[in-house]
1. From the list 62, 125, pick out the single residue that is farther than 20 Å from residue 16 by Cβ and not hydrophobic (A, V, I, L, M, F, W, C).
2. Which ones in segment 21-71 are touching a residue at least 60 places away in the same chain (Cβ under 8 Å), under 22 Å from residue 114 (Cα atoms) and out of contact with any Phe, Trp or Tyr (no Cβ under 9 Å at 6 or more places or on another chain)?
3. Of all residues in segment 59-94 being assigned to a helix (DSSP H, G or I) and among the polar types (S, T, N, Q), which is farthest from residue 27 (Cα to Cα)?
4. For segment 109-133, how many residues are among the hydrophobic types (A, V, I, L, M, F, W, C), more than 12 Å from the chain's Cα centre (by Cα) and surrounded by fewer than 17 Cβ atoms within 10 Å (Cβ to Cβ)?
5. Based on this model, can you work out whether residue 138 counts as over 19 Å from residue 17 (Cα atoms) and either touching a helix residue (DSSP H, G or I) at 6+ places or on another chain (Cβ under 9 Å) or not small (Gly, Ala, Ser) (or both)?
6. I need the full set of residues from segment 38-51 which are of a type in the set (D, E, K, R) and part of a strand (DSSP E or B), in order please.
7. Does segment 1-20 hold any residues that are among the hydrophobic types (A, V, I, L, M, F, W, C) and either in a helix (DSSP H, G or I) or free of Cβ contacts under 8 Å to residues at least 60 places away in the same chain (or both), and which are they?
8. Would you check which residues across segment 84-108 are over 20 Å from residue 18 (Cα atoms) and under 17 Å from the mean Cα position of the chain (by Cα) and list them?
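The values are calculated or read from the model by the stated rules, or taken from the named source; none is laboratory data. Quick caveat: nothing in here was measured; it's all calculated off a predicted structure. Quick reminder, even Gly has a Cβ in these numbers, built from the backbone with ideal geometry, and neighbours come from all protein chains shown.
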Amino acid sequence: MLTPREFVGRMTEWVDAFNRGSLDLPDGILHKDAVFRLNGRAYEDTLGRPPTDPLVRLVARGPGGYRLLVKALQYTLTAPGIAVRDFEIRHGLGTGHIDLTGRLRDTGEGWVSNADLAMTVDVDGHVTEIAIQMDPDDVARLLQARQA
């Protein structure tokens, strides 16, 4: 079982890897079935197939889902970066705020947005769910930049 301090250390490694443009994760930090949510909606629910479909589970959950989502973000923002603020973990629930920066691919303009973060962590220190709550206008603007 990881202490909160050890988990925060692993989170720091994760953020550093993201900011370097790496798709790597600290070993074992993400559960193989980890769910990703944006404004309450699970990524797997956006794929148009049942969440029990093995292909959906492969591409929408765990490290595979993480890598697909990060690649989409890297396509939307050039040189995306995140900073995690006020992160704390208690009783398997991690909460904090994320600042997302970069340049929108469609216009090249600078981008700064913030979001609330919640994640559940099992007793072994594996993240089982990540939920991001972001302003819907910011989400729409990112989608617009991605489609350009």
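1. Numbers: 125 fails: farther than 20 Å from residue 16 by Cβ.
Among 62, 125, only 62 is farther than 20 Å from residue 16 by Cβ and not hydrophobic (A, V, I, L, M, F, W, C).
2. First pass over segment 21-71, keeping only residues touching a residue at least 60 places away in the same chain (Cβ under 8 Å): 28-31, 33-40.
Checking which are under 22 Å from residue 114 (Cα atoms) leaves us with 35-40.
Passing the criteria: 38, 39, 40.
3. Within segment 59-94, the subset assigned to a helix (DSSP H, G or I) is 59-60, 62-76.
Then keep just the ones that are among the polar types (S, T, N, Q); that gives 74, 76.
Details: 74: 22, 76: 27 Å.
So, considering only residues that are assigned to a helix (DSSP H, G or I) and among the polar types (S, T, N, Q), the one farthest from residue 27 (Cα to Cα) is 76.
4. So the first thing to find is which residues in segment 109-133 are among the hydrophobic types (A, V, I, L, M, F, W, C), and the list is 111-112, 115, 117-119, 121, 123, 127, 130-132.
Among the residues that remain, those that are also more than 12 Å from the chain's Cα centre (by Cα) are: 111-112, 121, 123.
From what's left, surrounded by fewer than 17 Cβ atoms within 10 Å (Cβ to Cβ): 112, 123.
Total meeting the criteria: 2.
5. yes
6. So in segment 38-51, the residues of a type in the set (D, E, K, R) come out as 41, 44-45, 49.
Correct list: 41 only.
7. Residues of segment 1-20 that are among the hydrophobic types (A, V, I, L, M, F, W, C), as a first pass: 1-2, 7-8, 11, 14-15, 17-18.
The answer is 7, 8, 11, 14, 15, 17, 18.
8. If we filter segment 84-108 for residues that are over 20 Å from residue 18 (Cα atoms), which is where we start, we get 89-93, 106-108.
89, 93, listed by residue number.
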